[in-house]
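Only one structure is covered here, and it is reproduced in the block below.
No lab work stands behind these numbers, since they all come straight from the coordinates. Not measured: the values here are computed from a predicted model. Cβ: placed from backbone, ideal geometry, glycine included. Neighbour counts: every protein chain shown.
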């Protein structure tokens with residue numbers, strides 16, 4: 001039942017928020033935070049059972065193979081913890097960021113609905129409910145990206161909805177074909193079956209479009225028009241991770257995929273990582289740089305998961321955690337800068353470290369983690385991913401990714417220099433509000449802490465990886 | 001019980017017209033509302049066994065036809081009840097003139113009788129009579145305000161409808177001449193025994209139904225008729241009337257008489273797929289809200305047709321469920337369009353914008369119905385589309401399944417356009433002083449979108465009643 005509550009509390013609670021907003025803004029904000037952090041706490045409670053192997057599950061039987069199945073296996077619990085934790089911090093940050101815009105009721109309802117359906121997505125063990133929650137996240141992000149309501153914003157919201165819905169529909173064809181072959185949508189039943197290559201390709205279209213990987217990546221930088229907490233939520237912590245998560249869920253934990261895909265996916269990921277890193281190097285819009293950086297980093301996660309050996313897969317999983325924390329931090333610091341300088345163009349900034357030191361240092365910490373500088377968390381995950389790829393004998397691809405990692409260092413330092421160092425080319429702005437700065441400092445400390453205390457998440461991930469059937 | 005569904009509206013219609021002139025509009029409104037509500041409740045609860053539906057009632061000594069309620073009938077009874085209810089609510093607030101309003105309720109009574117008849121009949125000739133009753137009252141309804149552009153829509157409908165009538169009548173004549181009757185049993189027998197002639201006759205009848213249902217390539221009249229009709233009329237037209245006379249009769253004939261031969265299946269699949277794609281593409285380019293919704297209707301009818309084309313039980317269930325869903329979300333979208341037109345005086349997407357901030361209830365409900373039409377979970381439209389696609393896939397029609405899936409993207413595209421230009425986005429100057437529609441207009445919208453969400457959430461729980 002714990003798992004059911006972890007899903008239902010935020011998904012249903014989201015619709016109470018607009019009503020609470022009519023009573024008092026503070027009540028609504030606190031309720032939103034409570035709902036999201038409830039998922040986090042409930043997921044924490046699920047850890048012991050997940051690790052001990054007595055997986056807690058919830059099932060309602062329906063005809064036509066439409067059984068509703070939730071299960072808290074280590075993979076699900078891990079993803080739920082990462083997304084609800086980063087989600088909680090983002091909701092907290094929103095208190096100050098969003099409080100002077102219109103449509104706040106809708107904002108909180110959609111953010112909480114988004115996180116709730118994310119919980120549903122990670123815990124479901126049925127293809128059809130996976131799809132259902134997948135599309136609910138698409139609805140919520142459609143509303144959130146168009147939050148500012150200008151024609152440009154709404155167009156881009158529509159674009160991201162259409163691109164991800166296209167992927168999802170292609171994926172749905174594959175799901176229905178799977179139903180046609182095996183007569184069920186239940187993943188626990190489907191475990192261990194071999195999928196034909198066509199279906200893997202179709203599902204990959206869905207996964208790549210949601211994770212904004214080449215050639216379906218263009219919606220992600222465009223979606224940067226959304227408010228910063230939303231971009232943090234969508235681009236860093238949660239939405240883009242859905243694709244990677246579903247990849248792990250279906251192709252590592254459920255179906256066996258052929259050797260071909262263990263090479264094809266890293267190649268796609270490598271191209272994506274390089275192209276996006278190149279784009280990030282020449283962009284001048286602060287949020288678009290970070291967004292392209294996300295596209296690039298997602299490539300590393302795919303590489304890790306697709307290597308198919310324990311080191312690589314564990315690295316990919318840790319990467320989800322590290323990247324969620326650090327990239328969330330980058331987006332939120334960018335939000336502080338943007339809100340206080342009213343500017344997104346990095347060529348018109350500079351010297352901000354003198355007026356907003358805490359934000360600058362937090363940015364640097366998170367950037368170190370994304371770059372993979374020891375002892376920050378990102379180092380360990382990046383190292384494991386690449387060493388996993390080397391173990392798998394993919395030397396050329398590993399070299400490509402090392403070049404990609406190098407480019408990451410370049411564009412993040414370029415951004416840091418232009419925004420925070422040097423002399424001021426635009427107006428200098430004061431530090432953000434205490435609450436917002438607290439959030440980014442927390443994420444920065446987490447970036448460092450997750451590296452120093454790497455043994456805890458690593459142990460968790462090791463147990464998770466030991467359950468994967470297909471790993472040689 | 002069964003004959004009550006025809007007699008009660010009929011007697012009520014006569015009685016309210018006998019009342020003193022002052023009392024007529026309000027009493028006819030209330031009586032019809034009551035009848036519609038009762039019918040909806042009856043049809044909604046009957047499948048669960050909560051209200052007992054009586055089987056065949058022979059009324060040969062009265063009219064020479066008998067009425068039979070099965071689950072398919074309940075489907076149309078329920079759709080007619082729900083849509084009629086919404087149209088009546090919309091009419092009460094959008095038709096200003098008392099006489100017009102009274103005329104509308106009278107015509108709605110006749111429509112209801114017609115649809116209830118169609119839902120229960122098992123005889124080709126009687127079916128034809130009820131279909132014509134519906135058609136005639138529809139022409140008059142479209143011309144309710146006697147507006148100039150409405151003549152065009154009504155005339156187009158009238159002409160094509162007459163073509164359809166000629167086809168159906170010739171078919172009936174052929175059956176009477178060569179097979180000695182028009183009841184379903186006789187036709188079924190003659191299709192087996194006398195071959196070619198009976199097949200030509202039934203093909204004629206089905207062509208007539210395709211015209212009535214507005215399927216591609218017979219869709220020319222539909223967009224004009226829906227667009228030029230007064231707001232409440234387009235609600236009831238798009239929601240259930242054309243579906244009752246066209247699609248529902250087709251389902252009835254397919255299941256009770258013709259059966260599913262490979263040729264029939266191919267015909268349904270091809271016409272259905274063409275309707276899906278052409279309807280959706282045409283909707284994509286429309287600037288008038290009602291016109292866009294009209295083309296969307298054609299596309300959704302295509303979905304019902306391809307589901308029928310599977311020729312399986314699951315396909316039939318999917319078609320029936322999509323029929324109900326379509327009645328719910330399409331009549332709601334037209335009710336939303338009516339609210340927008342009422343408050344802003346315009347249906348042109350170019351001149352609207354940001355209405356969600358001025359008319360929040362209309363905005364939210366229309367978003368729900370749009371997403372449901374596009375088949376986005378967890379709304380009810382998703383489940384019917386999913387069933388359709390599963391049915392297509394399982395019956396081996398992979399190509400059509402892929403078309404059906406990808407056309408959902410087109411649906412999503414035009415509904416996102418509608419949402420972007422009318423509701424989502426910044427408030428445009430022209431609508432800056434607009435307020436939310438009156439409560440009466442909002443009741444059907446809220447009720448119907450609650451049904452969309454509710455059906456979507458409980459669907460897995462109720463599916464076993466349908467699959468049975």
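Averaging the Cα positions of each part gives two centres, and for the range A:1-40 and the range A:220-240 these lie 21 Å apart. Remark: mean inter-chain Cβ contacts per residue of A:163-176 equal 5, using a 10 Å Cβ-Cβ cutoff to other protein chain atoms.
Judged by the mean number of other Cβ atoms found within 10 Å, the most tightly packed of the peptides B:314-325, B:333-344 leads the ranking B:333-344, B:314-325. Using the Cβ-Cβ distance between residue B:348 and residue A:399 with R0 set to 56 Å, the FRET efficiency from 1/(1 + (r/R0)^6) comes to roughly 0.45.
Any idea what the relative contact order of the range B:322-468 is, in percent, if you count C-alpha pairs under 8 Å spaced at least 6 apart? Mind dumping the intermediate values first?
Values: 190 pairs, mean separation 60.8, N = 147.
Once divided by the residue count of the range B:322-468, the mean separation gives 41 percent.
Among bridges DSSP assigns within chain A, what percent are antiparallel (round to 5)? Mind dumping the intermediate values first?
Working: 7 of 8 bridges.
So the antiparallel bridges in chain A amount to around 90 percent.
What is the range B:400-468 by shape, rounded, prolate or oblate, if you read a ≥ b ≥ c off the alpha carbon gyration tensor as root eigenvalues and call it rounded for a/c under 1.5, prolate for a/b larger than b/c, and oblate otherwise? Since a/c reaches 1.5 but b/c is at least a/b, the shape of the range B:400-468 is classed as oblate.
Using the count of nearby Cβ atoms within 10 Å as a rough guide to exposure, how do A:254, B:362 rank from fewest to most? All intermediate terms of the calculation are to be shown ahead of the outcome.
Working: A:254 22, B:362 27.
The fewest-first ordering by Cβ neighbours comes to A:254, B:362.
Rounded if a/c is under 1.5, else prolate if a/b is larger than b/c, else oblate: which is the range A:392-472, with a ≥ b ≥ c the root eigenvalues of its Cα gyration tensor? Taking the square roots of the gyration eigenvalues as a ≥ b ≥ c, the range A:392-472 is oblate.
With neighbours defined as other Cβ atoms within 10 Å of a residue's Cβ, the residues B:134, A:373 order from fewest to most as A:373, B:134. Spin-label pair residue B:263-residue B:97: with each label point 7 Å from Cα along the Cα-Cβ axis, the two points sit 5.1 nm from one another.
Spatially, the range A:135-177 and the range A:370-399 are offset by 32 Å when compared through their Cα centroids.
Remark: mean inter-chain Cβ contacts per residue of B:365-377 equal 3, using a 10 Å Cβ-Cβ cutoff to other protein chain atoms. The largest-to-smallest principal axis extents of the Cα set in the protein assembly as shown are 93, 60, 44 Å.
Let me confirm one metric for peptide B:393-402, namely the mean number of other chain beta-carbon atoms within 10 Å of its residues' beta-carbons. Don't skip to the answer; put the middle values down first.
Numbers: counts 7, 4, 1, 1, 0, 4, 0, 0, 5, 6.
The per-residue average across the peptide is 3.
Quick one: Cα centre-to-centre distance for the range A:244-306 and the range B:65-137, in angstrom? About 57 Å separates the Cα centre of the range A:244-306 from the one of the range B:65-137. Remark: relative contact order (chain B) = 15 percent; criterion is Cα-Cα distance under 8 angstrom and separation of 6 or more residues. Estimated purely from DSSP H runs of n ≥ 4, each contributing -39500 (n - 2.57), the mean residue ellipticity at 222 nm for the protein assembly as shown is -24500 deg cm²/dmol once divided by its residues. Which whole-number percent gives the relative contact order of chain A, counting Cα pairs below 8 Å spaced six or more residues apart? Result for chain A is 15 percent.
Let's test the formula: R0 of 41 Å, r as the Cβ-Cβ distance of residue A:47 and residue B:41. What FRET efficiency results, to the nearest 0.05? E(calc), rounded to 0.05, equals 0.25. Residue A:8 to residue B:429: FRET efficiency via 1/(1 + (r/R0)^6), r the Cβ-Cβ distance, R0 45 Å, to the nearest 0.05? For residue A:8 and residue B:429, the calculated efficiency is 0.55. Rounded, prolate or oblate: which fits the range B:346-468, taking a ≥ b ≥ c as square roots of the Cα gyration tensor eigenvalues, rounded meaning a/c under 1.5, else prolate when a/b beats b/c? Note, shape of the range B:346-468 comes out oblate. Residues B:219, B:66, A:100, A:193, ranked from the fewest to the most other C-beta atoms within 10 Å, line up as A:100, A:193, B:66, B:219. Ordering A:24-30, A:245-251 by mean Cβ neighbour count within 10 Å, with the highest value first, yields A:245-251, A:24-30.
Output the antiparallel fraction of DSSP beta bridges having both residues in the protein assembly as shown, as a percent to the nearest 5. Can you show the working numbers first?
Values: 12 of 13 bridges.
DSSP beta bridges in the protein assembly as shown are roughly 90 percent antiparallel.
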